[in-house]
């Protein structure tokens, strides 16, 4: 009579995973480079930083006319503006024309915006009359234009290590010029079913026989996870045959999964086979669950994971998801966790005037609710796809969806996986580096210092990056928080960034300070950015010194209304001769080989809700912020400097 197995100790699925991790280092299995066409579903093995700006030139997002926005002010259906057409610009060519006052250039979607122009009026709002064009709608600076780096900025972290690559991420990589992609090697998993009663699908059934189900469900589940499964079919209830098959599978695989034969019946022999594969051999035999108790887990002498799943299909699939899936995910550097979920809007989402509006959204899990941040999605934008968790729909009949309104989010992936850390606010290269060094699964939502601060005040963000100067005191961040009546947050000291004027190499215009902008062509930052706050504060000081109003002063600066959204876009505009100067961080000037006239150092601090300070991810980030490792990292970045109080709480509100 064959020996029966007694379950001496049952463990929970979580305890089983812990036992595996004590006996085996469960981590990615190595890195390989694959062609981008073969990278779908693979897992990124390195952080991806943009090597170029996307786009690398200012381009039109519509068919129409490139104009100086100032020349269109006041245009309407009843009172059109008439401009002289000086030529046309087609995609793929650098324009040889320059748009002057009261001039326009015909332009196609995707074409290079000619010098002098700062906006495009859609063809639908125009009428061509010979060499003239009538414009029936005014444009604002930057309208229908995707500026240099307005989508992705050179040096920007666009995809993080351990990201699963889908069509959106591959689009981002293609936009950056990647031909080969560094990915983690897929775990090779052999799948075996055991039992004399099993026959493969498609064969006739005789008395007492059933079709093999488990090998196909497990195989498909592994494919979905991104592993590399090998289907070895059915093995009969023979100890010698089973041992030989498992040994061959173990030699060729990272993981072996056998379904059936794990219980305590006379023909159930997986426990014995696995025992002889050690040491250490079997480390788990029996889970504290129903169904699914007869589960066997072992580690072979070669350091391979061996799993025996119950024979009943529903039990096998549940145990696979409870125990095997987390371990395979760790081998893939993944931690994946439904396709539609409910969320509440963080900010208002505009409708599309008679059409259904689709908004990509980034999600923040608040515990008691999920908050959706609608993301900007201009024509041609790519980075937003990498940031979005899914999208919402604004009905055709709605002008907008209000802040706080409940919406349904259609997820891009099969399931929504909350991040460990949510960082909302001003984008910063050093902050990106800090997050990467922390190893946290973070979601960053770059909406500017002001919106980041508001997000922290609402308790949504775990961390908000902020660098806003108060014009009255010249102090950063604290006075602004006070003016907004901040409550329930702390200000954590960050680091210093050098801000200044980016000018042509050699500084041919002899720029020495802000006053020189009155005689030069400026490229400005967007409203709401901390850098724009700084520039406007400097210009108000200059206006006061000269005894003129701020409005009169800025109206005399050519290009004050020429706005771009990133530091590298400022540098690109100067490098391309579209402007003589712009305000940005030193790192942007370094990236483009330009000269830099320093305006001083600014504080980049972190605003954190008090209730988030006890969260482990926040504590880990702050500990790293205080570390020598990060101080050395700052030194390697041009134009950054550590603060003596870096990582310390300097003010409570």
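The values are calculated or read from the model by the stated rules, or taken from the named source; none is laboratory data. From a predicted model like this one, the values you see are computed outputs, not experimental measurements. Glycine gets a Cβ as well: all are built from the backbone with ideal geometry, and neighbour counts include every protein chain shown.
Return a yes/no flag: does the range 429-443 have any residue that is in a loop (DSSP other than H, G, I, E, B), closer than 23 Å to residue 557 by Cβ and modelled with pLDDT under 95. Taking every residue of the range 429-443 in turn, none turns out to be in a loop (DSSP other than H, G, I, E, B), closer than 23 Å to residue 557 by Cβ and modelled with pLDDT under 95. Here the range 2-27 is the region considered, the condition is being in a loop (DSSP other than H, G, I, E, B) and touching a helix residue (DSSP H, G or I) at 6+ places or on another chain (Cβ under 6 Å), and the residue that is modelled with the highest pLDDT is 26.
For residue 543, state whether it is surrounded by fewer than 24 Cβ atoms within 10 Å (Cβ to Cβ) and not assigned by TED's automatic domain parsing to the domain that holds residue 117. Judged against the criteria, residue 543 is a match. Would you confirm whether any residue within the range 407-414 is closer than 29 Å to residue 611 by Cα, at pLDDT below 85 and in contact with a strand residue (DSSP E or B) (Cβ under 9 Å, 6 or more places away or on another chain)? Yes: the range 407-414 contains one or more residues that are closer than 29 Å to residue 611 by Cα, at pLDDT below 85 and in contact with a strand residue (DSSP E or B) (Cβ under 9 Å, 6 or more places away or on another chain). Being surrounded by fewer than 16 Cβ atoms within 10 Å (Cβ to Cβ), under 32 Å from the mean Cα position of the chain (by Cα) and at pLDDT 85 or above is a property that does not hold for residue 330.
To keep it simple, each residue is scored yes or no on (1) assigned by TED's automatic domain parsing to the domain that holds residue 404; (2) over 30 Å from residue 451 (Cβ atoms); (3) in contact with a strand residue (DSSP E or B) (Cβ under 8 Å, 6 or more places away or on another chain).
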{"site": "257", "(1), (2), (3)": "no, yes, yes"}
{"site": "268", "(1), (2), (3)": "no, yes, no"}
{"site": "277", "(1), (2), (3)": "no, yes, yes"}
{"site": "357", "(1), (2), (3)": "yes, no, yes"}
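Remark: residue 607 matches the filter, which requires a residue to be in the same structural domain as residue 487 (by TED's automatic domain parsing) and either within 30 Å of residue 509 (Cβ to Cβ) or part of a strand (DSSP E or B) (or both).
Right, residue 568: modelled with pLDDT under 90, more than 29 Å from residue 484 (Cβ to Cβ), buried (at least 17 other Cβ atoms within 10 Å of the Cβ) and not assigned by TED's automatic domain parsing to the domain that holds residue 112 or not?
yes
Taken as a whole, the condition of being buried (at least 21 other Cβ atoms within 10 Å of the Cβ), at pLDDT 95 or above and in a loop (DSSP other than H, G, I, E, B) applies to residue 117. Quick one: what pairs do we get from the range 63-77, first residue surrounded by fewer than 20 Cβ atoms within 10 Å (Cβ to Cβ), second not in a loop (DSSP other than H, G, I, E, B), C-beta under 7 Å, 6+ apart or different chains? Listed by first residue and then by second, the contacts come to 63/123; 74/81. When residue 51 is tested against the conditions (1) out of contact with any strand residue (DSSP E or B) (no Cβ under 7 Å at 6 or more places or on another chain); (2) assigned to a helix (DSSP H, G or I); (3) farther than 24 Å from residue 561 by Cα, the lone failure is (2). Counting only residues that are assigned to a helix (DSSP H, G or I) and either modelled with pLDDT of 90 or more or within 30 Å of residue 650 (Cβ to Cβ) (or both), the range 574-604 holds 7 of them.
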